[in-house]
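K.L.:
Got a structure here, written out as structure tokens. Questions coming.
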Amino acid sequence: MSRSRIPADWIFEEDAIKNSPSRKAGMNERDELKLKREAIDIMKKIGAEFGWKLNGATGAACVYFHRFYMLHSIQEFPCPTTSLSCLFLAGKSEETPKKCKDIAQNALKNFSHIFRVNLNQLMDDVMSMERVLLQTIKFDFTIDLPYRYIIMYANDFKSKRAFDAAMVSDIVCCAWPLVNDSFFTHLCLAWEPQIIAVSLFWLAIKLRQHEEINETKWWEEHVAELCSDKMETICHEVLDYYTLMNGGNNGGAAASG
Amino acid sequence: MFTVLQSLKELRMAGEIVEPWDDNIHQTYKQENVIGKGAYGVVYTVTHLPTGRKFAMKKMEMRVSEEGVPQSVIREISSLAVLGKKNHENINTLHESLCSVSNNGTTLAIYMVMDKCDWDLYTFLRDIPRDMPDMQCRVIAMQIFRGVDFLHANNIVHRDLKPQNVLINKDQTVKIADFGLSRTYSSQASFTTTVVTLWYRSPELLLQTSYNSAVDIWAIGCMLSEIYNRRPLFSGQTEAQQLVATFTKLGLPSPQEWPRGAVIERATYPEHPRLPDNLLFGRMPQEGADLAKWCLDYIPERRCSAAHALLTRFFHGVTHRPAPTPLREVN
Ligand SMILES: Nc1ncnc2c1ncn2[C@@H]1O[C@H](COP(=O)(O)OP(=O)(O)OP(=O)(O)O)[C@@H](O)[C@H]1O
Ligand SMILES: [Mg+2]
């Protein structure tokens, strides 16, 4: 187990993310992201079958997952099992527990090409991983996700700025899936949830062609010293993900999905 | 190759997983003497090897169930961690939680590393050579209320407040400890009632009806008197005795005051008048006795809140941290 220092708020320097344990153990960036995305996908699908929300247990599980691989390498602990343990733990910490057996069964049913072990074996693995996970994430179970800030900004727009409710909800509908997809990136390791929320809200405003709103620099009352360059960089992480998914198509279309 | 999914078990058999849980802990913390034992854990003094700082480390062991680490444990530690980040000066700070698995994965040990304090209030009251001056008592009481106010504001009922769970330092700072049994509460929910040490238990707990944060206020009421008089206010050995001890001093609750849904009927107890304040509260000044009475109201909803208590005359002009009173070392 690598004993790198964990920042108290789990927000890492770019350098640390680039030099994750998996990278240090010789994996390239593409493979690392690919394996992680595969596992995030597992979490999203199983979470959805349980009726969990990304703005809830599934989202927490994704964040546990990203944090875990800042301290351990994928070579040491394969992503798929880790993703199941993250779900298992997040179910409990978010008060929507699911039995270990249900999680394992679901995984075997939907991802038989990935999990090539029998049920008991898989359950055993999930349980063992839970302890490694607990130790690694230092019992820091309470995860702050960007969603609640999106809701907050939207309410502000409606009440304080008296913007048209339909327009605001159109922006939210665009921002929400952007946040959903941010879990496929390393954003939650690099930025506070407020900053991610502001940036993706800002992007949604752009995508929905309300540039004039962004000209008011509405975010300044929520987060200090956030320039549009920085937001641009943050948004690009998500947009790059779409580019990758669509083999180069534009990102805006995917964002509305 | 990493793309091949190997089960953890195979990896472990191949010796490719190191599980240095216990080692990790002992590499970081050197365990020294036992400083306390409670119903759920043993508390040690430890030295944090990288910094040489001393901490208290509480070790709790539990069996791993079929569902892994119990949800209740996760809930408790996470609320502790959340509180820890908010860092209130009258709450014992949790620095780190660690866990280890032993006995082939059947036992889970959780270690909580906290600030080490000089005494708990029980030892302190037992070992001080004479009664404390009025002001010193108030300063201690005020900090207990502040800590509990913070807990309640964060929706935590301690449920096990007693002098053993109130820590105190030479500089007279007080820290509430041991949330081992606290639960995040909603005022309607009722939980198991088997845990609070009897002496500080409120009648609604003893009579097994639903309860809320007011149980902590009752416990403080008992402690207020104890801080001045250095003997417990109500000291029964069994639940039945504890009720009798309470009723003989405070008088039998009226039918209106009798907790709804109580497991025992009021008629089982003899009528009893309430003792006068000076017999109840000994050397407490009137303002203190008034506050204690408010804390010891039979009707939970009528008891003061911790926030209210801090506004009463008892605490007027009480400064938060007094110049350290020269105090004889008691250890
Ligand atoms: N941080 C600390 N500094 C000094 N002493 C401590 C500290 N924490 C605990 N102790 C001592 O250890 C005793 C037991 O600790 P604690 O109350 O946390 O354990 P517990 O098992 O939960 O006990 P119980 O549930 O019976 O109250 C305390 O009464 C106190 O004397
Ligand atoms: Mg205790």
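The values are calculated or read from the model by the stated rules, or taken from the named source; none is laboratory data. Note that this is a predicted model, so its numbers are computed, not measured. Here the Cβ is made from the backbone with ideal geometry for all residues, glycine too, and neighbour counts use every protein chain on show. What goes into the accessible areas is simple: the full protein's heavy atoms, side chains included, and nothing from ligands, DNA or RNA. Shrake-Rupley method; radii C 1.70, N 1.55, O 1.52, S 1.80 Å.
K.L.:
With (1) open to solvent by less than 30 Å² (accessible area, probe 1.4 Å); (2) closer than 28 Å to A:TRP219 by Cβ; (3) out of contact with any Pro (no Cβ under 7 Å at 6 or more places or on another chain) as the list, and A:MET129 as the residue in question, which single condition is left unmet?
P.N.:
With respect to (1) open to solvent by less than 30 Å² (accessible area, probe 1.4 Å); (2) closer than 28 Å to A:TRP219 by Cβ; (3) out of contact with any Pro (no Cβ under 7 Å at 6 or more places or on another chain), A:MET129 is out only on (2).
K.L.:
B:ASP115 - would you say it is more than 26 Å from A:ASP9 (Cβ to Cβ), open to solvent by 10 Å² or more (accessible area, probe 1.4 Å) and in contact (Cβ under 8 Å) with a residue 60 or more places away in the chain? Step through it out loud before you land on a result.
P.N.:
Numbers: more than 26 Å from A:ASP9 (Cβ to Cβ): no; open to solvent by 10 Å² or more (accessible area, probe 1.4 Å): yes; in contact (Cβ under 8 Å) with a residue 60 or more places away in the chain: yes.
No; evaluated as a whole, the condition is false for this residue.
K.L.:
Using the structure shown, decide if B:SER78 is more than 16 Å from B:GLN172 (Cα to Cα), part of a helix (DSSP H, G or I) and at pLDDT below 85. Let's see the steps before the verdict.
P.N.:
Numbers: more than 16 Å from B:GLN172 (Cα to Cα): yes; part of a helix (DSSP H, G or I): yes; at pLDDT below 85: yes.
Here the answer is yes, as B:SER78 does meet what is asked.
K.L.:
Would you pick out the residues in region A:77-96 that are modelled with pLDDT of 95 or more and facing chain B (nearest Cβ under 7 Å)?
P.N.:
A:PRO78, A:PRO80, A:THR81, A:PHE88
K.L.:
Can I ask one more? Among the numbered conditions (1) in contact (Cβ under 8 Å) with a residue 60 or more places away in the chain; (2) surrounded by fewer than 21 Cβ atoms within 10 Å (Cβ to Cβ); (3) of a type outside the set (S, T, N, Q); (4) more than 7 Å from chain B (Cβ to nearest Cβ), tell me where A:ILE114 comes up short.
P.N.:
(4)
K.L.:
Please specify each residue of region B:30-59 satisfying the condition of being within 12 Å of ligand 2 (Cβ to nearest atom) and either assigned by TED's automatic domain parsing to the domain that holds B:ALA177 or part of a loop (DSSP other than H, G, I, E, B) (or both).
P.N.:
Within region B:30-59, B:GLY38, B:ALA39, B:TYR40 meet the criteria.
K.L.:
Quick check on my filter: what residues within region B:53-68 are closer than 30 Å to A:LYS101 by Cβ and either among the hydroxyl-bearing types (Ser, Thr, Tyr) or surrounded by 12 or more Cβ atoms within 10 Å (Cβ to Cβ) (or both)?
P.N.:
Here is the first cut: in region B:53-68, the ones closer than 30 Å to A:LYS101 by Cβ are B:60-68.
Within region B:53-68, B:MET60, B:GLU61, B:MET62, B:VAL64, B:SER65, B:GLU67, B:GLY68 meet the criteria.
K.L.:
Moving to a separate point now. Sort out which residues of region A:132-143 are more than 7 Å from chain B (Cβ to nearest Cβ) and open to solvent by 10 Å² or more (accessible area, probe 1.4 Å), and write them in order of number.
P.N.:
Narrowing region A:132-143 to residues more than 7 Å from chain B (Cβ to nearest Cβ): A:132-133, A:136-137, A:143.
Listed by number, the list holds a single entry, A:ILE143.
K.L.:
In region B:205-244, how many are part of a loop (DSSP other than H, G, I, E, B) and open to solvent by less than 20 Å² (accessible area, probe 1.4 Å)? Spell out the reasoning first.
P.N.:
In the first step, residues of region B:205-244 are kept if they are part of a loop (DSSP other than H, G, I, E, B); the result is B:207-213, B:230-238.
So of that shortlist, the ones also open to solvent by less than 20 Å² (accessible area, probe 1.4 Å) come out as B:207, B:209, B:211, B:233-234, B:236.
Of the residues in region B:205-244, 6 are part of a loop (DSSP other than H, G, I, E, B) and open to solvent by less than 20 Å² (accessible area, probe 1.4 Å).
K.L.:
Something else about it: Of the conditions (1) within 11 Å of ligand 1 (Cβ to nearest atom); (2) touching a Cys at 6+ places or on another chain (Cβ under 6 Å), B:ILE110 satisfies every one except a single condition; which number is it?
P.N.:
The number of the failed condition is (1).
K.L.:
Follow-up question, since we're still on this one. Please work out which residue is farthest from B:LEU83 (Cα to Cα), limiting yourself to region B:139-171 and to residues that are within 16 Å of ligand 2 (Cβ to nearest atom) and of a type in the set (Val, Ile, Thr). Working first, answer last.
P.N.:
Going through region B:139-171, the residues within 16 Å of ligand 2 (Cβ to nearest atom) turn out to be B:144, B:147-148, B:151, B:156-168.
After this cut, where a residue has to be of a type in the set (Val, Ile, Thr) as well, the list is B:144, B:148, B:156-157, B:166, B:168.
Working: B:ILE144: 16, B:VAL148: 12, B:ILE156: 10, B:VAL157: 13, B:VAL166: 17, B:ILE168: 19 Å.
Only one residue fits best here, namely B:ILE168.
K.L.:
How about region A:21-68: which helices (runs of 4 or more DSSP H) wholly inside it have at least 1 residues that are within 14 Å of the chain's Cα centre (by Cα)?
P.N.:
Working: elements: A:21-24, A:29-49, A:57-68.
Per the criteria, A:29-49, A:57-68.
K.L.:
Got a sec? Which of B:GLU257, B:GLU271, B:GLU287, B:GLU301 is assigned to a helix (DSSP H, G or I), out of contact with any helix residue (DSSP H, G or I) (no Cβ under 6 Å at 6 or more places or on another chain) and among the acidic types (Asp, Glu)?
P.N.:
B:GLU301
K.L.:
Continuing with this model, one more query. Looking for something in a helix (DSSP H, G or I), open to solvent by 10 Å² or more (accessible area, probe 1.4 Å) and not basic (Lys, Arg) - is there at least one such residue anywhere in region A:84-96?
P.N.:
The answer is yes; a qualifying residue exists.
K.L.:
Please work out if B:VAL148 is modelled with pLDDT under 95, within 16 Å of ligand 1 (Cβ to nearest atom) and outside the structural domain of B:ASN33 (by TED's automatic domain parsing). Spell out how you get there, then give the answer.
P.N.:
Details: modelled with pLDDT under 95: no; within 16 Å of ligand 1 (Cβ to nearest atom): yes; outside the structural domain of B:ASN33 (by TED's automatic domain parsing): yes.
No, not satisfied.
K.L.:
For the structure I just gave you, tell me whether B:CYS117 is in contact with a Leu (Cβ under 9 Å, 6 or more places away or on another chain) and either more than 16 Å from ligand 2 (Cβ to nearest atom) or within 14 Å of chain A (Cβ to nearest Cβ) (or both). Write out each step before concluding.
P.N.:
Numbers: in contact with a Leu (Cβ under 9 Å, 6 or more places away or on another chain): yes; either more than 16 Å from ligand 2 (Cβ to nearest atom) or within 14 Å of chain A (Cβ to nearest Cβ) (or both): no.
Against the criterion (in contact with a Leu (Cβ under 9 Å, 6 or more places away or on another chain) and either more than 16 Å from ligand 2 (Cβ to nearest atom) or within 14 Å of chain A (Cβ to nearest Cβ) (or both)), B:CYS117 does not qualify.
K.L.:
If you go through region A:112-135 one residue at a time, do you hit one that is under 19 Å from the mean Cα position of the chain (by Cα) and not charged (D, E, K, R)?
P.N.:
yes
K.L.:
Looking only at region B:37-52, which residues are more than 8 Å from ligand 1 (Cβ to nearest atom) and either modelled with pLDDT under 90 or loosely packed, with under 14 Cβ neighbours inside 10 Å (or both)?
P.N.:
Across region B:37-52, the qualifying residues are B:LEU49, B:PRO50, B:THR51, B:GLY52.
K.L.:
Related question: Could you tell me which of the residues B:MET62, B:MET112 is among the aliphatic types (A, V, I, L, M), within 16 Å of ligand 2 (Cβ to nearest atom) and within 13 Å of chain A (Cβ to nearest Cβ)? I'd like the intermediate steps shown before the answer.
P.N.:
Values: B:MET62 fails: within 16 Å of ligand 2 (Cβ to nearest atom).
Step by step, each of B:MET62, B:MET112 is checked, and only B:MET112 is among the aliphatic types (A, V, I, L, M), within 16 Å of ligand 2 (Cβ to nearest atom) and within 13 Å of chain A (Cβ to nearest Cβ).
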